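Novice: Please read through the structure below; I'll follow up with questions.
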Amino acid sequence: MTIRNWVKFFLRAMAIGGGITAIVGLIVRWNFFFGYIQAGEIWQFTGAFLWMIFLGFTMSVVAQMGFFAYLTVHQFGVNMFRTLTLWNWVQMLIIAVVLFDLVVFRFKLSEASSGQTFLYIFLLISLVVVSAVTAYFKAQWTKKHALISALFFMIVITTLEWLPALMVQSGNRDEWVAILLFPLLAVNAFQLLVLPKYNRQSDIDKAELDKRRSERKKVKQQKPAKAK
């Protein structure tokens, strides 16, 4: 990927992360934001809202780091297990383990109240459904064997990026768990589905650049000939 296309890719992912976090944060923490509105503290409201956007930018960077780390892990897995089929079976096993860990150890549904149980079931369904839809379109737009790898990335890598929020033990843990999942899902889906487009555009840009260089080289070679 060329630097120009990488910058576009990076900034658009940042915008998605910031926008989604701001919207979800406003919904989930509406009581907090509404308190500023009621008190007429517009500057405090604006500052808190901008902080949510900045948090989204941070989540976007985390998601992008996770994505490029996964590309390395995926290649390492294919090389280690020799065949893509075996690596896919390993990825499916890891997906099952991660989902089991989420339900039993991270969500702790047996200890949660009915409201918390509903929230975590909703978040789990959101994670699985968004991941499945993204993986489906990834397989349709590229190759069918990309389905399992895409599902692995969307579930396992997103969960790893989400883990710091899940490990928080403060009173407003549930709010941050809910807020931080959706920008990670959105940015990861964007990266997975749109990266091939930027790679193709980079190939086109490189071909055009090589063509212009070749033309300039021909012009330079023709000038001495004309001078003679």
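Novice: Report every pair of residues separated by at least 6 positions or lying on different chains whose Cβ atoms are under 8 Å apart, first residue within the range 170-184 and part of a helix (DSSP H, G or I), second open to solvent by 50 Å² or more (accessible area, probe 1.4 Å) and of a type in the set (S, T, N, Q).
Specialist: Here the result reads Asp174/Gln116, each pair linking the range 170-184 to a residue that is open to solvent by 50 Å² or more (accessible area, probe 1.4 Å) and of a type in the set (S, T, N, Q).
Novice: Moving on to the next point. Could you look through the range 137-164, keep only residues that are of a type in the set (Phe, Trp, Tyr) and open to solvent by 20 Å² or more (accessible area, probe 1.4 Å), and pick out the one that is nearest to Phe107 (Cα to Cα)?
Specialist: In this case the residue turns out to be Phe137.
Novice: Going by the structure shown, is Ile121 under 15 Å from Glu175 (Cα atoms) and assigned to a helix (DSSP H, G or I)?
Specialist: yes
Novice: Another one. Just checking: which of the helices (runs of 4 or more DSSP H) contained wholly in the range 1-91 hold 1 or more residues that are within 21 Å of the chain's Cα centre (by Cα) and not charged (D, E, K, R)?
Specialist: Those helices (runs of 4 or more DSSP H) span 3-28, 42-81.
Novice: Is one or more of the residues making up the range 28-38 out of contact with any Ser or Thr (no Cβ under 7 Å at 6 or more places or on another chain), within 19 Å of Tyr198 (Cα to Cα) and loosely packed, with under 15 Cβ neighbours inside 10 Å?
Specialist: no
Novice: Let me ask another. Are any of the residues in the range 45-67 touching a residue at least 60 places away in the same chain (Cβ under 8 Å), open to solvent by 40 Å² or more (accessible area, probe 1.4 Å) and not charged (D, E, K, R)?
Specialist: The answer is yes; a qualifying residue exists.
Novice: Take the range 168-187 and flag every residue that is more than 15 Å from Val129 (Cα to Cα), of a type in the set (A, V, I, L, M) and either open to solvent by less than 30 Å² (accessible area, probe 1.4 Å) or modelled with pLDDT of 85 or more (or both).
Specialist: Val177, Ala178, Ile179, Leu180, Val187
Novice: Among what's in the range 204-221 and is more than 40 Å from the chain's Cα centre (by Cα) and open to solvent by less than 100 Å² (accessible area, probe 1.4 Å), pick the residue that is modelled with the highest pLDDT.
Specialist: Our first condition is that a residue be more than 40 Å from the chain's Cα centre (by Cα); within the range 204-221, this holds for 215-221.
Pick out the ones that are also open to solvent by less than 100 Å² (accessible area, probe 1.4 Å) and you get 215, 219.
Working: Glu215: 69, Val219: 73.
Ranking the qualifying residues of the range 204-221, first place goes to Val219.
The rows are residues; the columns are (1) charged (D, E, K, R); (2) closer than 18 Å to Ala69 by Cβ.
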{"site": "Lys143", "(1), (2)": "yes, no"}
{"site": "Leu160", "(1), (2)": "no, yes"}
{"site": "Val168", "(1), (2)": "no, no"}
{"site": "Phe190", "(1), (2)": "no, yes"}
{"site": "Leu195", "(1), (2)": "no, yes"}
{"site": "Gln201", "(1), (2)": "no, no"}
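Novice: Name every residue in the range 155-176 that is in contact with a Lys or Arg (Cβ under 9 Å, 6 or more places away or on another chain) and of a type in the set (A, V, I, L, M), in order of residue number.
Specialist: Passing the criteria: Leu163, Ala165, Leu166, Met167.
The values are calculated or read from the model by the stated rules, or taken from the named source; none is laboratory data. Bear in mind that the values here come from a model prediction, so they are computed numbers and not experimental data. FYI the Cβ positions are ideal-geometry reconstructions off the backbone, even for glycines, and counts take in every protein chain you see. These area figures cover heavy atoms from the full protein model, side chains too; ligands, DNA and RNA do not enter into them. Shrake-Rupley method; radii C 1.70, N 1.55, O 1.52, S 1.80 Å.
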